[in-house]
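J.: This is the structure, below, for whatever I ask next.
The values are calculated or read from the model by the stated rules, or taken from the named source; none is laboratory data. Remember, predicted model here, so these are calculated numbers, not experimental data. Cβ atoms come from the backbone with ideal geometry, glycine included; neighbour counts cover every protein chain shown. These area figures cover heavy atoms from the full protein model, side chains too; ligands, DNA and RNA do not enter into them. Shrake-Rupley method; radii C 1.70, N 1.55, O 1.52, S 1.80 Å.
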Amino acid sequence: MFSCWLSRLCRGLSTPTGRVTHLIQGSLSRRLMLSSQRRIPELSSFVARTNTCGELRSSHLGQEVTLCGWIQYRRQNIFLVLRDFHGLVQVVIPQDESAASVKKILCEAPMESVVQVSGTVISRPPGQENPKMPTGEIEIKVKSAQLLNACKKLPFEIKDFVKKTEALRLQYRYLDLRSFQMQYNLRLRSRMVMKMREYLCNLHGFVDIETPTLFKRTPGGAKEFVIPSREPGKFYCLPQSPQQFKQLLMVGGLDRYFQVARCYRDEGSRPDRQPEFTQIVDISDVFRNTKVGFLQDALSKPQGTVKAICISEGAKYLKRKDIESLRKLAADHFNQEVLPVFPKANRNWNSPVAKSIMEEQRSELIRLMEIQEDGVVLLTAGEHRKACSVLGKLRLECADLLEARGLVLRDPALFSFLWVVDFPLFLPKEENPGELESAHHPFTAPHPNDIHLLHTEPKQVRSQHYDLVLNGNEIGGGSIRIHDAELQRYILATLLKEDVKLLSHLLQALDFGAPPHGGIALGLDRLICLVTGAPSIRDVIAFPKSFRGHDLMSNAPDSLPPEELKPYHIQVSWPADSEAEKSSLNQPYHPES
C-alpha cells in the first residue's frame, strides 16, 4: 500500500544509515554550526507583514499585527476576508469618521486586489465564531490600510466551485493558481518530491544527478523536439527520457542514481498506450462461423480477434447518446468499429448487425460473458493489440459515465498496485508489419530464457520490462538493460535496422566493463494526479501545455523573424494559403542549401 510505504518513509527519515550518509551529514552539520555563529536578522527588512493570514489564533489576542493578502470577499462594507497562501482571516472595517480614509480603501478596492492592513487581534463577538475557519475565533481591528495593487475586472471568479473552461484556466493560469485546489495540488506535489529525495538519498544512498537537456537524436521511441544549432545543418534533440545517461552513469559506477527529469516528446495523445485489462474477454471462437462481414474479415487475418467487455447495468444507466459517444471515441482515436449489443435488456437499440449476432450467438455470448439483466456488451474486431487498447479505453470511459449517474465503482481512498511483466521484446511495425520495433525501447534486455530465440523467432522473445500500475493507471515503467555491446549492436543493426553510428558512444561505453543494470521511471505528474484525485495531469502542473502542446497563456510556440533564424542557417518553408500559414508554427524547419 502506498500510504503504508509513505508512513514508513516518514518514520525512517530521522535515522539515516550508511557510512557515506554519515560523512555527508557530519560535513553538513559542521557548516551549519559555523554559519549559526554569525548574526542573522530575524526578519528581512523588505518584509512588511508580521504574520500570515492563516496563522493567527486566540493565543495572539492583543497583538499588533501587519498582514498582506488578496481580498477574498467583502460583506456589507463591515467585514472583509483577507487571503494568502496560509489561509483566511476576517478583518473589521472601521466605521468611525476618524478612519474614513481606511474605510474608503477597504470598501472601494475591487475583489482580488492586494492590500496591507495593520491592527489589533481581537476576539469575535460571542456567537459569531466560525469553527470552519482555523482563524475563526479572532478577527483584526484595523487601524491603517494600504492598497498595494488594485485588480482589474477578472475573466473568472477565483473560487473552486465556479466552473471555468480549461482553455480559459490555461489562458489565465496565474489566476487559476490562486485557487485553493491548485494551491493544494502544487504544495502536495512539492512535499511528495521532497519526501522522495529524502527517502532515496538519506536512507538508501542514492545520488541525485541532473543530466543534459540538449542531446542528439535517439533511434526508436517517441518523436523528439529538434533544436537548431549555429553549426550549419546540425541540430540538438531534447531527450524523450534520460535513458542513455542512466546507462552511462551505471557504467561510471554511480549505481544508485535518480533525478526528477524533464522528458520531451513531440507527439499528441497516445490512446493506444492504454493498459490491457483482464475483463476483456476473447470471444473469437464464438464467431468462427459467423456470417457477419466485419467479424469474418477480422478473423481471416493472422492477428485478427473478436473481443468484448460487458458493462453491468449499462442498459439501465447509459443513455443512447452515451453509447454513440463511445462508438465515436473508438472511431476517432482508434479507427475501430465498436458494436453495442443488448443480449437480455428490453431495448430496441440493437442494429441489424447486432440483431444478426443475437440470433446466431446470443446464448453462447450470455454464457461466456456471464451477462446479467441490463448488461451491455461492447464488441470489436480487428488486430489483437488495437482491439485490447480500444476496449481498455472504453472500459474507463464507461466507469466515468456510470459514476456520473451515481454508481460507486472505484474507492478514491484505496490505492491498488499491480506489476505487469513478460512484455514482448519486439512488436511488428504498424506501417510495415514485416519489420520490428521495440515494444519498450531498444536498450531493454531480452528475457534470459528466450535469448536463443533472437536469431530464429525474435517475435517470440519476452523482455525484462516491467510496468507499475496504480488504480488501473500506468504510473511507471522500467527494464533491465542490455550491458553487452555485441548483443546491443545485433539488436539495433540486425533486428531493428537502426543506424548504430548514432549510438557509437553508448556501444563504446558498454565495451569498458559495463555492469548488469536496470531502472524504473515513475510518471510524477500522473502519480500526483491519482493521489490528489485531480481529473487531469494539467491540474498538478503549474504551467501545463494544452492538448495540442500550446501554451495558451503566452501563445507559444511563436514565429521568429528571418533575421533571428539566420544565425542558425535555417529558413521556414511557408504554406501557400493563408489558413495553412496560421498553423505553420508546427511546420518543420529546413536547412538552407
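J.: What is the spin-label model distance, in nm, from residue 569 to residue 95 if the labels are put 7 Å beyond Cα along the C-beta direction?
T.: For residue 569 paired with residue 95, the spin-label model returns 7.8 nm.
J.: Can you check what the net charge comes to around residue 164, using other residues whose Cβ is under 14 Å from the Cβ of residue 164 (Lys, Arg +1; Asp, Glu -1)?
T.: Here the count lands on +1.
J.: Output ³J(HN,Hα) for the stretch 164-169: one whole-Hz value per residue in order, computed from phi by the Karplus curve 6.51 cos²θ - 1.76 cosθ + 1.60 with θ = phi - 60°, and x for Gly and Pro.
T.: 10, 5, 5, 4, 5, 4
J.: Roll a 1.4 Å probe over the protein chains and send me the accessible area per residue for the stretch 413-521 in Å².
T.: Accessible area per residue: 51 Å².
J.: Oh, and also: Quick one: which residues, 5 or more positions from residue 237 or on another chain, have an amide H under 5 Å from its amide H? H modelled 1.01 Å from N in the peptide plane, none for Pro or chain starts.
T.: 215, 216, 217, 227
J.: Run down the lysines and flag those whose C-alpha is under 27 Å from the C-alpha of residue 501, throwing out any fewer than 8 positions away in its chain.
T.: Candidates past the 8-residue exclusion: 216, 223, 234, 246, 429, 459.
J.: What list of ³J(HN,Hα) couplings, whole Hz, do you get for the stretch 421-426 from phi and the Karplus terms 6.51, -1.76, 1.60, once you set θ to phi - 60° and write x for glycine and proline?
T.: 10, 6, 5, x, 6, 10
J.: With every protein chain left in place, what is the accessible area of residue 487 in Å² (1.4 Å probe, nearest 10)?
T.: Accessible area, nearest 10 Å²: 40 Å².
J.: Using the heavy atoms of the protein chains and a 1.4 angstrom probe, tell me the accessible area per residue for the stretch 292-346 in square angstrom.
T.: 50
J.: Under 16 Å from a point placed 7 Å out from the Cα of residue 301 along the Cα-to-Cβ direction: which residues of the stretch 363-386 have their backbone N that close?
T.: Correct set: 380-386.
J.: Sequence-distant or interchain residues sharing an amide H contact under 5 Å with residue 69, placed H: which?
T.: Under 5 Å from the amide H of residue 69: 115.
J.: Let me ask another. Express the accessible area of the stretch 132-257 per residue in Å², computed with a 1.4 Å probe while the remaining protein chains stay in the model.
T.: Accessible area per residue, the stretch 132-257: 60 Å².
J.: Another question, if that's okay. Please list, in chain and number order, the residues 5+ apart from residue 266 or on another chain whose amide H is under 5 Å from its amide H, with Hs placed from the backbone.
T.: Distant-sequence amide H within range of residue 266: 223, 224, 225.
J.: Sticking with this structure for a sec: Determine ³J(HN,Hα), in whole Hz, for all residues of the stretch 303-308 in sequence, where each value follows from phi through the Karplus function 6.51 cos²θ - 1.76 cosθ + 1.60 and θ = phi - 60°; x replaces Gly and Pro.
T.: Calculated HN-Hα couplings, in order: 9, x, 8, 10, 10, 8 Hz.
J.: Distance check, please: which entries in 159/316; 104/132; 103/152; 316/393; 163/316 exceed 25 angstrom between their Cα atoms?
T.: Flagged as over cut-off: 159/316; 104/132; 163/316.
J.: Further question: Given a 1.4 Å probe and every protein chain left where it sits, what share in percent of the accessible area of the stretch 418-556 is carbon and sulfur? Don't jump to the answer; show the numbers that get you there.
T.: Values: 3920 of 7080 Å².
Ligands and nucleic acids excluded, carbon and sulfur reach 55 percent.
J.: Taking the Cα centroid of the stretch 518-566 and of the stretch 425-478, what is the distance between the two, rounded to the nearest whole Å?
T.: Value for the Cα centre distance between the two parts: 28 Å.
J.: Would you please name the chymotrypsin sites (Phe, Trp or Tyr not before Pro) within the stretch 485-547 that are DSSP coil residues with at most 16 other C-beta atoms within 10 Å of their C-beta?
T.: Passing sites in the stretch 485-547 are 512, 547.
J.: Taking 7 Å along the Cα-to-C-beta vector as the label spot, tell me the residue 183-residue 85 distance in nanometres, rounded to one decimal.
T.: Once both label points are built, they end up 1.0 nm from each other.
J.: Quick one: if you stick a label point 7 Å off each Cα along the C-beta vector at residue 542 and residue 431, how many nm between them?
T.: 3.8
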